[in-house]
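Just below is one structure, and these are the notes that go with it.
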Amino acid sequence: MTILVFGKTGQLARELAAHQGVTCLGRDQADLSHPAACAAAIRAAQPQMVINAAAYTAVDRAEEEEALAQVVNGAAPGAMAVACAELGIPFVTVSTDYVFDGSGKAPWKPGDAPGPLNAYGRSKLAGEDAVRAAGGVHAILRTSWVVSAHGNNFVKTMLRLGRDRERLTIVADQTGAPTPARAIAAACLEIARQLAQDPAKSGTYHLAGAPQTSWADFAREIFAQAGVDCAVEDIPTTAYPTPAARPLNSRLDCTTLETVFGLSQPDWRLGLKDILKDLGEIA
């Protein structure tokens, strides 16, 4: 089975690369700022399925570079989806809880109306719309708070800062769930395989870790598992202003993913333990 993955150095792509049959394309082989080149790469490779694990993820910088984010996160996945539709192969792309406005406290369902608060969210929503419009066999997998032992993420930032400081102030009124990139990778592969057998499963799905938590409580769990002596002080989002607005409610309803594909939510606390082992923080 040949699986073509867009992305090579990101958290998700690094996890996908560990699986057999996966070929990862880096920016030098397929630059998402050139959507036509991405489509051409698919046609040249003739894979059995395609996973888009690459994206413009600089949320704050996207406020100034929205045009570029729209190309990378919007037009490029659309071009990939068109190429996959032409070849009759499944296409899986990863999206985000940032397509929602973060209101309320109920977990967001796949069919809920989107309303992104920032440029990054708008660009990811454009990508979703383009993939659906292509009309091929596809799955859009929304996720949240991605973490792993690779790249830059909240876990690694907390470990670095926690060792240098006695106390950290962390936002406590944003609620969601960390999602291990390893679990997302496994889900993408399983979804693609099932789509190849049953194209009727095409659609939009959610995958997030469990249980729900806040960034502040996530930090506390990181310090507890890693044995880092650093206190966490809760602060509201308003006390930590950023160029891009963040949703307060990032809860995702993952029911349909389990119903359709048999994939359950990963326990992020166990995923964190694996990440800390990979980083050599715990035995």
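Output the number of the condition that GLU15 fails; it satisfies all remaining conditions of (1) closer than 30 Å to SER214 by Cα; (2) of a type outside the set (A, V, I, L, M); (3) touching a strand residue (DSSP E or B) at 6+ places or on another chain (Cβ under 8 Å).
Every listed condition holds for GLU15 apart from (3).
Sort through ALA244, ALA219, ALA231 and tell me the only one that's under 19 Å from LYS156 (Cβ atoms) and either touching an Asp or Glu at 6+ places or on another chain (Cβ under 6 Å) or hydrophobic (A, V, I, L, M, F, W, C) (or both).
Numbers: ALA244 fails: under 19 Å from LYS156 (Cβ atoms); ALA231 fails: under 19 Å from LYS156 (Cβ atoms).
Answer to the check: ALA219.
For the range 246-259, state whether one or more residues are under 23 Å from HIS150 (Cα atoms), acidic (Asp, Glu) and part of a helix (DSSP H, G or I).
Taking every residue of the range 246-259 in turn, none turns out to be under 23 Å from HIS150 (Cα atoms), acidic (Asp, Glu) and part of a helix (DSSP H, G or I).
Could you list, in sequence order, all residues of the range 216-272 that are of a type in the set (S, T, N, Q), touching a helix residue (DSSP H, G or I) at 6+ places or on another chain (Cβ under 7 Å) and crowded, with 19+ Cβ neighbours inside 10 Å?
First pass over the range 216-272, keeping only residues of a type in the set (S, T, N, Q): 225, 237-238, 242, 249-250, 255-256, 259, 264-265.
If we keep only those that are touching a helix residue (DSSP H, G or I) at 6+ places or on another chain (Cβ under 7 Å) as well, we get 225, 250, 264.
Result: SER250, single match.
Please count how many residues of the range 106-163 are of a type in the set (Val, Ile, Thr) and surrounded by fewer than 20 Cβ atoms within 10 Å (Cβ to Cβ). Before the answer, list the steps.
Quick first cut of the range 106-163, residues of a type in the set (Val, Ile, Thr) only: 131, 137, 140, 143, 146-147, 155, 157.
Among the residues that remain, those that are also surrounded by fewer than 20 Cβ atoms within 10 Å (Cβ to Cβ) are: 157.
Residues meeting the conditions: 1.
Looking at ILE170, ILE140 in this structure, which one is over 15 Å from PHE218 (Cβ atoms), at pLDDT 95 or above and in contact with a strand residue (DSSP E or B) (Cβ under 6 Å, 6 or more places away or on another chain)? Outline the logic, then answer.
Details: ILE170 fails: over 15 Å from PHE218 (Cβ atoms).
Answer to the check: ILE140.
Output the residues belonging to the range 23-60 that are crowded, with 21+ Cβ neighbours inside 10 Å, touching a residue at least 40 places away in the same chain (Cβ under 8 Å) and among the hydrophobic types (A, V, I, L, M, F, W, C).
Listed by number, the residues that qualify are LEU32, CYS38, ILE42, MET49, VAL50, ILE51, ALA53, ALA54, ALA55.
Between residues in the range 155-175 that are basic (Lys, Arg) and residues that are surrounded by 18 or more Cβ atoms within 10 Å (Cβ to Cβ) and part of a strand (DSSP E or B), which pairs lie under 6 Å by C-beta distance while being six or more apart or on different chains?
none
Could you list all residues from the range 190-211 that are over 21 Å from LEU16 (Cα atoms), without any contact (Cβ under 8 Å) to a residue 60 or more places away in the chain and not small (Gly, Ala, Ser)?
Matches in the range 190-211: ASP198, PRO211.
Sort out which residues of the range 61-86 are of a type in the set (Asp, Glu) and either crowded, with 22+ Cβ neighbours inside 10 Å or in contact with a Ser or Thr (Cβ under 8 Å, 6 or more places away or on another chain) (or both), and write them in order of number.
Looking only at the range 61-86, we keep the residues that are of a type in the set (Asp, Glu), and these are 63-66, 86.
Within the range 61-86, just GLU66 meets the criteria.
Give me a count of the residues in the range 128-164 that are among the small types (Gly, Ala, Ser), closer than 18 Å to MET49 by Cα and part of a loop (DSSP other than H, G, I, E, B).
Within the range 128-164, residues that are among the small types (Gly, Ala, Ser), closer than 18 Å to MET49 by Cα and part of a loop (DSSP other than H, G, I, E, B) number 2.
Among the numbered conditions (1) part of a helix (DSSP H, G or I); (2) over 17 Å from SER264 (Cβ atoms), tell me where THR204 comes up short.
So the condition that THR204 fails would be (1).
Out of the residues in the range 261-283 meeting the condition of being without any contact (Cβ under 8 Å) to a residue 60 or more places away in the chain, more than 21 Å from ARG160 (Cβ to Cβ) and not in a loop (DSSP other than H, G, I, E, B), tell me which one is farthest from the chain's Cα centre (by Cα).
Selected residue: LEU270.
The values are calculated or read from the model by the stated rules, or taken from the named source; none is laboratory data. It should be emphasised that the depicted structure is a prediction, and the values quoted were computed from it without experimental measurement. With ideal geometry, Cβ positions are generated from the backbone for all residues, glycine too; neighbour counts draw on all protein chains shown.
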